[in-house]
Structures are given as structure tokens and as C-alpha cells.
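These notes concern the structure reproduced below.
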Amino acid sequence: MAGKSVYFFGGGRAEGHGAMKELLGGKGAGLMEMTRLGLPVPAGFVITTATCARYMKEGRPALRAIDREVRTHLARLEKVTGRRFADADDPLLVSVRSGAARSMPGMMETILNLGLNDRTVRGLAAKTGNERFAWDAYRRFLGMYAGVVHEVPREEIEALFKAVKARFKVKLDTEVPVEGLQDLCGRLKSLFRQKTGKEFPQDPTQQLWGAIEAVFRSWNAEKAVTYRRVERITGLAGTAVNVVQMVFGNKGDTSGTGVCFTRDPNSGAPVFYGDVLMNAQGEDVVAGIRTPLTLDRLKAIQPVVYRQLEEVRRRLERHARDMQDIEFTIEEGTLYILQTRAGKRSPRAAFRIAADLVRDGVITRAEAVQRIAPEDVERLFYPVVDPKVPAADLAARRLATGIGAVPGAASGALAFTAAEAEERAKAGEAVILVRHETSPEDVGGMHAAQGILTATGGKTSHAAVVARGWGKTCIVGCEAIDPDAGARTLTVGGKVLRPNDKVTLDGSTGAVYAGEVPLVQPELPDAYHTILRWADGFRRLRVRANVDTPYDAAKAVTMGAEGIGLCRTEHMFFDSEERRLAIQEMILAADRPARERALAKLLPLQRKDFEGIFAAMAGRPVTIRLLDPPLHEFVPHDEEGQARLGRALGIPADAVARRVEQLREANPMLGHRGCRLALTYPEILEMQVRAILEAAIAAKKKGTKVQPEIMHPLTIDPREMAILVERTRAVADAVVKKAGVRLPYLVGTMIEVPRAALLAGRFAATAEFFSFGTNDLTQMTLALSRDDAGRFLPQYVGEENLGIFADDPFQTLDTDGVGELVRLAIERGRAARPGMKIGVCGEHGGEARSVRFCDAVGMDYVSCSPYRLPIARLAAAQATLAQTSGAKRASPRRARAVARARTGAAHRRGRAAARTADAPRRSLASA
Ligand code: PEP
Ligand code: MG
């Protein structure tokens with residue numbers, strides 16, 4: 001193989017460094033960097049991710065190609081450690097661990113104590129004077145090797161250990177005597193022979209190659225693939241393999257192994273947080289097999305080691321400029337650092353840590369803004385137990401208490417396996433996954449569940465680490481519960497719960513409650529407001545809200561709305577019986593005079609709402625869209641409903657039925673809707689435009705600045721647009737003139753139909769602004785119904801399915817197809833009307849990757865529902881910063897200027913920029 005495939009570190013020197021994650025994986029790069037920093041790191045070497053990629057393609061020849069290099073580095077390792085592989089007196093033992101460029105906690109394989117065999121185990125016992133330790137290490141190695149390299153079922157390996165413990169009548173692993181461990185080793189070798197038809201390999205070199213290959217293979221293990229899918233990890237070459245000199249946490253009571261975080265990963269508070277398990281090895285902590293000690297206990301029993309660990313904490317965080325997750329081992333009172341990486345954190349902690357690091361001068365505001373994942377913003381709003389629920393009620397419901405590993409609360413029915421959780425969640429059920437302990441194999445079910453509950457494990461167990469990364473409620477170490485996956489029961493406090501029983505988890509306190517406890521929105525942390533304020537300083541894109549009532553408008557302003565991008569006027573007809581009847585009367589009217597009488601009732605209602613909205617928006621622009629949906633959506637389709645409506649309006653039921661029948665269309669989405677309604681019933685346009693302008697004038701007279709923008713939906717032709725503009729202006733100008741005020745307003749169109757996008761240049765002759773209705777534009781471009789595509793579209797989306805689309809195009813803008821129309825329409829529109837105001841108001845306006853695209857193509861604003869405004873604000877800032885080189889030094893003003901210049905240039909060249917999520921349901925019934 002061309003180039004270097006193996007990199008060494010040890011004896012204070014390292015051939016790689018921290019920035020080489022792509023090639024050496026996160027773990028390997030971290031070990032190199034820590035070695036360079038002079039931290040106590042055992043020596044070792046790293047086989048590159050490129051080798052893994054080659055192994056995936058070629059198989060074993062890729063291993064043969066690095067044989068010499070591995071041998072050379074093994075010899076170097078022997079020299080640095082002063083021990084020899086397979087030495088009968090003082091053998092070198094190594095760990096063989098996976099490690100990709102992106103952290104995938106526990107998803108790939110690890111083998112410890114490699115180098116042990118029937119001879120070296122005796123040498124290790126003699127050399128250390130600790131027979132128990134040597135045989136414990138050997139039984140671990142035999143079990144791991146059999147499980148990882150030869151896929152001997154872990155339950156069968158575990159069962160052998162359980163049987164030994166039963167024979168010696170002990171409970172804990174550490175209580176098994178030497179004879180028990182020796183006996184276990186013999187049984188493990190027999191199991192190995194029985195399962196593989198071969199003897200357990202005694203040659204350490206053969207063991208090493210077996211382990212290296214198994215680690216490479218684990219890159220494509222189901223759990224790893226699922227994790228990458230869920231985390232959207234793509235474009236990585238594979239995993240590196242880290243071969244590292246063993247240090248031992250299982251050498252007795254002054255040894256131990258642990259995981260610590262430089263800050264509390266749940267709250268973000270700057271406190272040292274972690275678990276340590278004395279007389280234990282490697283995976284015991286993360287696997288959550290025993291419930292560990294806190295770091296405070298460590299401080300009490302090993303104060304010197306604790307102080308060293310504190311120093312490592314300080315240095316590593318400063319060096320990495322981020323919160324770190326550190327793995328360590330204490331071997332007979334000596335501290336070794338085995339791994340450091342950016343720690344997974346709850347959404348709340350993500351905000352606090354970023355803000356605190358800025359305050360401490362460690363990172364810049366721009367970096368803090370870039371460090372928040374848009375999902376973290378969403379997850380911050382996940383519910384908590386309603387503080388109004390009486391304590392006595394909670395006490396009566398409490399089933400058990402475990403360790404609150406990830407805060408937030410969730411309710412659901414009990415699912416006992418990951419597969420069951422996935423299946424029931426897919427069918428729309430809210431489930432809580434309950435396991436004795438979770439293992440990385442459960443990752444799919446953990447993701448699908450609302451919350452996770454385990455009987456064993458600590459705050460840093462796999463379950464906790466993985467769930468925390470997702471902001472998913474998780475309680476671990478809940479020892480009072482006894483889940484039985486076979487019987488599908490959960491026994492707790494003498495009660496037996498079954499699959500249909502619901503529980504509520506409070507991940508903040510660790511409490512498990514029977515049934516569904518009321519949940520509410522949590523209070524937002526101060527750091528959230530701080531970071532969003534910083535984000536606002538960086539972004540070029542404006543953010544607006546899609547709202548239809550004065551109340552929601554006021555709420556939107558508190559969430560950061562800088563205007564309203566879409567007020568769907570039909571929604572205003574739904575919130576009272578009076579309004580519903582008025583619109584139904586209008587629809588059922590037999591002729592124009594009857595329709596005008598009905599519209600005259602609607603006029604004051606609309607005017608009042610608009611006035612409230614203008615007041616709430618206090619001078620910010622307000623885009624109001626005229627009536628859009630097919631009229632049949634407003635009328636009852638069942639006999640009883642029609643009879644009731646007939647009575648309310650004084651019309652015979654059969655006349656109602658006839659009119660409803662007349663409104664029926666085979667394809668209502670392609671039917672008499674959008675601006676076609678305004679053209680065929682001009683009186684509707686007239687009423688709505690009048691209501692808007694009269695409200696604007698009234699608001700202005702009360703001293704409120706107003707910026708009305710009247711928007712026509714679903715236009716298909718420039719001539720149609722010209723007529724609409726002319727009619728709109730005729731009404732509006734007359735109202736303004738009569739009031740004797742000066743009141744500028746804009747008339748524009750939505751771009752929701754491919755034809756309108758293509759003819760955008762000609763539309764721009766009369767339309768003063770464009771707003772992309774990407775819900776309809778997606779529906780019309782893909783010819784997929786936004787209401788029904790959910791039945792089959794999931795099959796199209798994602799590598800695990802047909803892989804036709806990477807994402808659901810109704811959630812994340814299809815930049816290849818729909819995006820191309822958007823680009824083209826912007827280019828043609830602005831060519832005809834330079835500087836034309838352009839935005840988006842489809843659901844994509846609140847989806848991070850789509851927002852990035854909108855920024856790149858030079859839109860002026862995105863508009864989305866109020867609760868997604870924070871995501872839009874953050875994503876817009878990140879989009880600006882992504883275009884600003886040297887973001888570390890970016891000032892808000894410079895970042896915006898660079899982004900404006902680049903966006904303009906990109907737009908002029910018509911260049912594709914961003915590649916790019918809540919399926920909008922269109923029907924009013926679900927609106
Ligand atoms: C759209 O189509 O994107 C849009 C915003 O309009 P509606 O969702 O009301 O059809
Ligand atoms: Mg639409």
C-alpha cells in the first residue's frame with residue numbers, strides 16, 4: 001500500500017497529532033495528542049482508517065499489505081515498554097480498540113488483554129505476584145475474543161461466568177476465587193472449541209490479526225450502521241484500530257477504571273462529573289454491569305490520583321477548547337489516560353457549556369453559535385413533569401427511583417426489546433424501552449423509544465451516553481425493577497407491569513411513575529437566550545413567522561420573529577362558530593348579492609384580527625395571503641352536518657347537499673383553489689383587501705407603524721398576476737385615498753407552481769415580492785401528494801430503504817429538483833426587478849439544512865411556525881458563519897458582509913450551494 005498505514009506513539013513522542021482524526025480516528029488522534037502533551041498515556045500504534053476502507057474493498061489482502069508495518073511497530077512497542085509479546089515471564093499485553101473520526105460510543109469492538117495464553121497467564125501471575133488478577137484478565141480475554149472475533153453468543157459466555165459464581169456461591173465478579181477463574185478459563189476454551197471447531201489460538205500474533213480484522217469488520221456491524229444512520233454520519237472511510245499497551249484497573253483495591261466528564265454533561269455546570277469502578281477493567285464502567293462510585297468517593301480513597309485527574313481535566317479541556325469525556329485507568333495507584341474526546345451532552349448543557357467557554361475566553365461567540373446543533377434547540381423544548389402535579393400524587397404513582405441519566409420526561413407503554421420498541425414506535429405508539437442493561441445492539445430501539453429505563457448501569461453507561469447525545473430521557477441503575485424480556489413483564493415493588501401498561505420517566509430525578517403524568521414545557525436556560533442573541537448578531541437572513549392570530553403573532557415576536565411571512569387568512573375562519581357560519585354562508589350563497597351579504601359579515605372579523613396582528617407586530621412587515629384552500633374544505637360532507645348547517649343558515653338540507661356536491665372535485669389540490677378563487681369570486685378579494693387596508697389604517701391612526709404585504713397564492717401566469725395586482729390595487733388605493741393617509745403596501749405572489757418559477761422574470765413585472773410556498777412547490781414538482789405520500793414515501797428515503805432520496809423532501813428541501821426551480825426563479829425575478837424581496841414560507845423555512853440553502857441562494861428571509869423560529873435563527877447564523885472564513889475571528893458585522901457578498905456572487909453565477917425536515921399536511925382539517 002502506498003503511504004504509511006501505521007502510526008506510533010509512546011515514550012513521549014507521537015507520529016500523529018490531534019488534527020488527524022480522519023486518518024487516525026478520534027481515539028487515535030487523541031492518544032497522539034495527549035502523548036505530545038506529556039500526559040500519562042500508555043504506548044501503542046494506530047492502523048489507519050484508510051486501511052479499513054481498503055479491507056472493506058479487498059478483504060484479507062489489505063491485511064497482508066500492512067503485515068510488515070505492523071510487525072515493525074510491534075517491535076517498537078516492545079522496545080518502549082520493555083516487554084515482549086508472547087514472553088513467558090513478562091508478556092506484553094495489548095488492547096485492540098476501534099475508533100472512527102466521529103465518536104460512535106460503544107458501537108464497534110474492543111478486545112482487552114490480548115497476548116495472554118496458557119503460558120503467558122502464568123508468567124503474568126508470577127511477575128505481578130497476583131494470580132487472581134492474571135486469571136481474571138485471561139478469562140476476560142477468552143470471553144471477548146470468542147465473542148468479538150468468532151461471534152460466540154455473549155449470553156453463553158455470560159452463562160458460564162454466572163454458573164461459576166453460583167458454584168462458589170458469590171455475587172460479585174470480584175469475589176470469584178482463583179480456582180473459579182481457572183475453571184472458567186477452561187470452560188471458555190471448551191465453548192470456543194465447540195462453537196468454532198478449533199482450539200483457542202495460543203499465538204499472540206495470530207490473536208492480534210484476528211482482533212484487527214474483527215475491529216475492521218465491526219465498522220459494518222448492524223448496530224454501527226444503525227448508529228451512523230440515526231446520527232447522519234456519512235462520508236467516513238472506516239474505523240482505525242488502536243493497539244495499545246495494557247494497563248490494568250483490575251489489580252486489586254488500589255486499581256480501578258473510570259470515565260469522567262470535565263463538566264456536568266446534563267446541566268453543563270462546571271463541576272467534575274464521572275464514575276469509577278475499583279478493581280475493574282475497561283468496559284465494566286461503560287457497559288453498566290456494576291453500579292460505580294462517584295468521583296467524590298475517589299477523592300476520599302485516592303486523593304493523589306484524584307488531584308492528578310483534576311489536573312488532566314483542566315489541561316485537556318483547555319487544550320481541546322471543549323468539554324471532554326475522558327477514560328482513565330488506575331493501576332496500583334498510578335493514573336493512565338486512555339482516551340479523550342468531546343463529551344456528548346444534553347441540549348441544556350450544550351448551551352451552558354458554549355456560553356461558559358465564551359465567558360472564560362476559551363472560544364469566540366462565533367464558535368459558540370456554531371457548536372449548537374439545531375436539534376439541540378428543538379430538544380431544549382422537550383417536556384418535563386408539570387410542577388403543578390401534587391407531591392402526594394407523584395408519591396402515590398412512584399414505582400421506583402434510579403439514576404437520572406438524561407433530564408426531561410417521557411411517558412409511554414412498555415417495550416421490552418429494541419426490536420419491539422422500533423416496531424411499535426413505527427406504528428405510531430409512544431413506548432418506553434425497558435432493559436436490564438442496554439447494549440449498543442439496542443441503539444435502533446433506543447432511538448425509536450420516548451425514553452429508556454435500565455435496571456443497572458451508571459451515568460456514563462452506554463445507554464446514558466447514547467441517550468444523552470439525543471437529548472432522550474433516560475434512567476439507569478434502577479435496581480428495584482426486574483424486566484423480563486422473555487415474559488414481557490416488568491416486576492417492580494410487587495407489581496407486574498405488561499406491554500400495555502404505561503409509565504412516565506422523570507430523567508431529572510430518576511423517578512419512574514405509573515401511568516401518564518402531565519408534562520409541560522421546561523423553562524429555558526439563560527445560556528439559550530445568550531447564544532441566540534449572539535446568533536442574531538451574525539445572521540444575514542431575516543426570520544419571520546407563519547401565524548394567523550394576534551395572540552400567536554405576539555408569541556412569535558417573543559421567539560424572535562422579525563415579521564410575519566405568512567398569515568393564512570382561511571385559518572382565521574375556524575376559531576369560532578360565528579366565523580365558521582359566516583364563511584359557510586358565503587360558500588353556499590346562490591348568487592353574488594347573497595355572497596356579498598355573507599362577506600359583509602366576515603369583513604369586520606377579519607379587520608379586527610388584522611388590526612390585532614399589526615399591533616402585535618409593531619411595525620414589522622406582515623405578509624397576508626388571500627384565501628387559498630378549495631372551498632369544499634369549509635363545508636360538511638355528512639348528511640347530519642349538512643342538515644345542521646342548513647338549519648343554522650335557514651337553507652333546506654338538500655340545497656346544502658347540492659352545493660357541496662357542486663364543489664366536489666376529483667383533484668381538489670389541482671382544482672378551484674388559490675388565486676383562482678379571487679379571480680372567479682372577485683368579491684372575496686375585495687373583502688379581504690379592504691379588511692387588510694382598513695386594519696392597517698386603523699393601526700396607523702393609533703400610532704403603530706405598519707408594513708402590509710398582500711400575497712396571492714398559487715399563481716400560474718404573469719397575466720393572471722397582472723389582473724390580480726390591478727384588482728388588489730384598485731380596492732386598496734381607494735381605501736387609502738378615502739382615509740386620506742399615506743400608506744405604502746406591497747403586492748406579491750407565492751411561488752408554488754413550477755410554471756410560476758419558470759416564468760418568474762415575467763411575474764416580477766407586477767409582483768413586488770416572491771414567497772416560495774415550498775410545500776406546494778414540492779408537491780407539484782414531484783407530483784406527490786403532501787397529504788398521502790407518507791404511505792409510501794418512507795420507502796424512498798434513506799440508505800436503509802431504496803435510497804432514492806437522502807431525506808424526506810417535504811421536510812428537507814429537495815435542493816436538486818425543487819431547489820433548482822427556486823434558484824432559477826430568484827435569478828429571473830431579480831434580473832427583472834433588482835433587489836426584489838424574496839423569502840420562503842413553506843415548512844422548510846424552519847428546517848436547518850433547508851435554511852442553509854435559502855441563505856446560499858440569496859433569499860432575504862425564511863418564515864416558519866413560531867416554535868421553530870429559534871432553529872431558523874441559529875441555522876441562519878451558522879449559514880452566515882460557514883461562509884465566513886476564519887470564523888474564530890468573525891465579528892458579526894464582518895460575517896454578515898462576507899456572507900452578503902458571497903451570496904450575491906453565488907446567486908449571480910446561479911451556483912448550487914447548500915445540499916441539503918415536519919411533513920406539512922395541507923388539509924384544513926388537520927391545520
Ligand atoms: C406552501 O405551499 O408552502 C404554503 C406555505 O402554503 P400552504 O402550506 O398553506 O399550502
Ligand atoms: Mg401552498
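The values are calculated or read from the model by the stated rules, or taken from the named source; none is laboratory data. Computed from a predicted model, the values in this text were never measured in an experiment. Cβ placement follows ideal geometry from the backbone for every residue including glycine, while neighbour counts extend to all protein chains displayed. Quick note on the areas: whole protein, heavy atoms, side chains included, nothing else; ligands and nucleic acids left out. Shrake-Rupley method; radii C 1.70, N 1.55, O 1.52, S 1.80 Å.
Assuming charge only on the beta carbon of Lys and Arg (+1) and of Asp and Glu (-1), the dipole of the range 490-592 about its Cα centre is about 440 debye to the nearest 20. The charge dipole of the range 606-713, taken about its Cα centre with unit charges on the Cβ atoms of Lys, Arg (+1), Asp and Glu (-1) only, comes to about 640 debye.
The residue among A872, N250, M572 whose Cα reaches farthest toward the positive pole of the charge dipole of the chain, with charges on the beta-carbon of Lys, Arg, Asp and Glu, is A872. Candidate cross-link partners of K21 among the lysines, defined by an alpha-carbon separation under 23 Å and a same-chain spacing of 8 or more, comprise K4, K57, K223, K344, K888. Taking a point 7 Å out from the Cα of F168 in the direction of its Cβ, the residues of the range 234-270 whose backbone N falls within less than 19 Å of it are 249-256. With the simple model of a label 7 Å out from the Cα in the direction of the Cβ, Q662 to V178 spans 10.0 nm.
Using the Cβ-Cβ distance between A655 and A487 with R0 = 56 Å, the FRET efficiency computed as 1/(1 + (r/R0)^6) comes to roughly 0.35. Among the GluC sites (Glu not before Pro) within the range 139-232, those in coil by DSSP and having at most 16 neighbouring Cβ atoms inside 10 Å are E151, E199.
Would you calculate, for the chain, the mean residue ellipticity at 222 nm contributed by helices, counting each DSSP H stretch of 4 or more residues as -39,500 (n - 2.57) and dividing by all residues, to the nearest 500? The partial results should precede the final answer.
Numbers: 37 runs with 423 residues, N = 927.
Counting only the DSSP helices, I get -14000 deg cm²/dmol.
Here is the list for the range 133-195: chymotrypsin sites (Phe, Trp or Tyr not before Pro) lying in DSSP coil, each with at most 16 other C-beta atoms within 10 angstrom of its C-beta, are F168.
Zone of Q206 (label point 7 Å along Cα→Cβ, backbone N under 14 Å): which residues in the range 78-120? Inside the label zone: 115-119.
Cross-link partners of K169 among aspartates and glutamates, defined as those whose alpha carbon lies under 14 angstrom from its own and excluding same-chain residues fewer than eight positions apart: E179. Quick one: Cα centre-to-centre distance for the range 80-103 and the range 327-380, in angstrom? That distance is 30 Å.
Across the range 664-813, the mean sequence separation of Cα contacts (distance under 8 Å, 6 or more residues apart), normalised by length, yields a relative contact order of 18 percent. You can think of it this way: the chain between D296 and K189 has 34.5 nm of extra reach, that is 0.36 nm per residue less the Cα-Cα gap. Extending 7 Å from Cα along the Cβ direction at E155 and again at D591 yields two label points whose distance is 8.0 nm. Excluding same-chain residues fewer than 8 positions from K388, which aspartates and glutamates have a Cα within less than 20 Å of its Cα? The reachable aspartates and glutamates, counting only those whose Cα sits under 20 Å from K388, are D506, E516, E523. Among the trypsin sites (Lys or Arg not before Pro) in the range 448-528, those placed in a DSSP loop whose Cβ has at most 16 other Cβ atoms within 10 Å are R488.
Does the range 176-332 come out rounded, prolate or oblate by the C-alpha gyration tensor, with a ≥ b ≥ c the root eigenvalues, rounded set by a/c under 1.5 and, if not, prolate when a/b is larger than b/c and oblate if not? It comes out oblate by the Cα gyration axes. Under the definition of Cα pairs under 8 Å and six or more residues apart, what whole-number percent is the relative contact order of the range 672-750? Computed over the range 672-750, the figure is 41 percent.
I'd like the FRET efficiency for E726 and A427, computed as 1/(1 + (r/R0)^6) with the beta carbon distance as r and R0 of 41 Å, rounded to 0.05. Working from the Cβ atoms, E equals 0.20. Extending 7 Å from the Cα toward the beta-carbon at both R314 and N801 defines two label points whose distance is 5.3 nm. Per residue, the range 1-141 exposes an accessible area of 39 Å² to a 1.4 Å probe, with every protein chain left in place.
Of all DSSP bridge pairs formed entirely within the chain, close to 60 percent run antiparallel. Using +1 at the Cβ of each Lys and Arg and -1 at the Cβ of each Asp and Glu in the chain, identify which of M780, N130, A400 lies farthest towards the dipole's positive end. Farthest along the dipole direction, towards plus: M780.
Using +1 on the beta carbon of Lys and Arg, -1 on that of Asp and Glu, and nothing else charged, what's the dipole of the chain about the Cα centre, debye to 20?
On the way: 133 positive and 111 negative charges, 646 e Å.
Approximately 3100 debye in magnitude.
With a Förster radius of 45 Å applied to the C-beta separation of K388 and K495, the computed FRET efficiency comes to 0.95.
With the cut-off at 1.5 for a/c, could you classify the range 15-113 from its C-alpha gyration tensor as rounded, prolate or oblate? Can you show the working numbers first?
Values: a/c = 1.68, a/b = 1.16, b/c = 1.45.
Judged from the Cα gyration tensor, the range 15-113 comes out oblate (a/c at least 1.5, b/c at or above a/b).
Rounded, prolate or oblate: which fits the chain, taking a ≥ b ≥ c as square roots of the Cα gyration tensor eigenvalues, rounded meaning a/c under 1.5, else prolate when a/b beats b/c? Cα axes put the chain in the prolate bin.
Here the extension length gained between T680 and S785 equals 35.3 nm, from 0.36 nm per residue of separation less the Cα-Cα distance. Annotation for the range 199-265 versus the range 806-870: alpha-carbon center distance of 43 Å. Lys/Arg Cβ at +1, Asp/Glu Cβ at -1, dipole of the range 710-789 taken about the Cα centre: which of V725, A789, V736 is farthest positive-ward? Selected residue: V736. The range 482-553 and the range 690-710 have Cα centres lying 40 Å from one another. In this structure T781 has an accessible area near 50 Å², from a 1.4 Å probe over the protein heavy atoms.
For E820 and R755, compute 0.36 nm times the residue count separating them, minus their Cα-Cα distance, and round to one decimal in nm. All intermediate terms of the calculation are to be shown ahead of the outcome.
Values: separation 65, 0.36 × 65 = 23.40 nm, distance 1.30 nm.
Gain in length upon complete extension: 22.1 nm.
In this model, which of K171/K195; K79/K198; K426/K502; K608/K700 are farther than 25 Å apart at the alpha-carbon? Before the final figure, lay out each step's value.
Working: K171/K195 28 Å; K79/K198 33 Å; K426/K502 18 Å; K608/K700 14 Å.
Pairs exceeding 25 Å: K171/K195; K79/K198.
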